[in-house]
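These notes concern the structure reproduced below.
A short reminder: the numbers here are calculations on the coordinates, not readings from a lab. Source: prediction; values computed, not measured. Using ideal geometry, Cβ is built from the backbone for each residue, glycine included, and neighbour counts are taken over all protein chains shown.
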Amino acid sequence: MTRLQANLNRLSALTVMLMQAAALAPAMAEPLPQAKTTLVEFDNSAFPYRGDIPEKNLPFLDAADGDRRGHTAPRGGVYWDETYSDRRVLLSIPKGFDPKKPALIVLYFHGNLAKLARDVRDRQQVPRQVAESGLNAVLVAPQLAVDALDSSAGRFWEPGFFARFLDEAAARLAKLYGHESAHAALANAPVVIVAYSGGYLPAVWSVHVGGAKARVHGMILLDALFAETDKLAGWLAAKPPAFFVSAYTKAAREENDALQKMLTEQKVKFQTSLPPRLADGSVVFIANGDDVVHNDFVTRAWIGDPIKALLSRVPGFSRTAPPKPAPAKPR
């Protein structure tokens with residue numbers, strides 16, 4: 001065999017190896033061609049919860065009927081195991097989500113008397129509102145107490161649980177998306193917490209003891225401040241690199257007035273009109289008139305689709321804008 005022929009054979013073998021390696025390598029992730037929304041059971045779910053109610057030193061499950069265990073909710077009376085056994089989480093990734101762009105996780109805590117499919121997905125249209133905000137964002141909404149007059153936070157009361165929940169959410173979302181690059185994009189992605197009504201408890205405890213406070217990019221309360229004002233005041237007084245919005249009706253006016261008073265005493269600046277951009281450090285209160293109905297607040301407040309309206313003012317995470325060009329290299 002001539003030297004030329006031997007070199008050609010080696011080149012041919014190298015070409016085959018490179019082609020095989022390219023075939024085995026994962027394809028570059030592309031923007032999602034169609035939206036994906038589903039319910040997934042989590043290991044790290046809000047319920048079941050077997051611990052105590054924080055700061056009360058009382059067991060959460062305080063009622064028994066044979067083998068059944070229940071919890072006495074202040075407004076709803078005793079609810080049994082089936083109310084606190086749904087491990088499912090609503091996951092939604094909008095069409096066009098691109099792991100190559102800065103990504104955001106929207107964590108939604110529903111209120112009382114809610115089910116994920118019936119209320120969060122269909123009635124309140126939360127996946128649609130997130131998608132239409134234009135953000136490169138995914139939605140994660142855990143089932144809390146099922147269809148009950150109960151605002152209990154469940155395992156979100158546990159120190160560090162918020163962080164563990166986010167870790168599992170990133171892995172589950174990557175599987176739903178269909179490419180490992182989504183996990184890399186979401187594993188440390190900033191989080192905007194959106195809470196409606198009774199969802200305030202898991203929202204507040206997530207920033208209080210959740211273990212991933214640094215990842216919280218913002219908090220939106222939709223007629224959702226009914227207690228824990230001291231914890232929110234303490235969080236905001238620490239000047240977190242996050243924005244805070246509380247929009248409310250007369251149902252939560254007293255607590256919002258109390259929080260504003262606390263912030264004034266702690267010299268934390270806030271505003272009572274919505275700015276064009278919800279930048280880091282923005283603290284905003286939006287009072288609604290008496291004609292706005294609490295039960296419709298997620299879809300009809302001072303504006304239609306308030307989740308969409310507020311998220312659209314969060315800068316830096318556009319899904320629809322073209323990526324910024326790389327800076328030119330100096331000559």
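Over the residues of the chain, the helix contribution to mean residue ellipticity at 222 nm works out to -8500 deg cm²/dmol, using -39500 (n - 2.57) for each DSSP H run of at least 4. Separation of segment 68-122 and segment 278-313, taken as the distance between their Cα centroids, equals 20 angstrom. Given the alternatives [x] 26, 54, 19, 0; [y] 33, 58, 9; [z] 30, 51, 13, 5, 1, P(r) over Cα pairs in 20 Å bins from 0, in percent as computed for this entry is given by [z]. The reciprocal of the average 1/r between distinct C-alpha atoms defines the Kirkwood hydrodynamic radius, which for segment 244-307 equals 12.5 Å. Going from the residue with the fewest nearby Cβ atoms within 10 Å to the one with the most, 299, 249, 264 rank 264, 299, 249. Here the peptides 124-131, 112-119 are ranked by packing, the mean other Cβ count within 10 Å, and the order with the highest first is 124-131, 112-119.
Sequence-distant contacts, meaning Cα pairs under 8 Å at least 6 residues apart, place the relative contact order of the chain at 16 percent. With contacts taken as Cα pairs under 8 Å and at least 6 residues apart, segment 161-216 reaches a relative contact order of 42 percent. Here the 3J(HN,Hα) profile of segment 189-205, calculated from phi with Karplus coefficients 6.51, -1.76 and 1.60 at θ = phi - 60°, is 5, x, 10, 10, 8, 10, 10, 10, 6, x, x, 5, 5, x, 5, 5, 5 Hz, Gly and Pro shown as x. Take every DSSP beta bridge whose two residues both sit in segment 182-318; close to 5 percent of them are antiparallel. Listed peptides 146-155, 93-102 appear in the order 146-155, 93-102 once ranked by packing, highest mean of other Cβ atoms within 10 Å at the front. Near the amide H of residue 279, within less than 5 Å, lie no amide hydrogens of residues on another chain or at least 5 residues away, with H placed in the peptide plane. Counting only alpha carbon atoms, the long axis of helix 3-24 and the longest principal axis of the chain meet at about 20°. How far is the Cα center of segment 127-149 from the Cα center of segment 152-190, in Å? For segment 127-149 versus segment 152-190, the Cα centre distance is 14 Å.
Under a model in which nothing but the beta-carbon of Lys, Arg (+1) and Asp, Glu (-1) is charged, the chain shows a dipole of about 1880 debye around its Cα centre.
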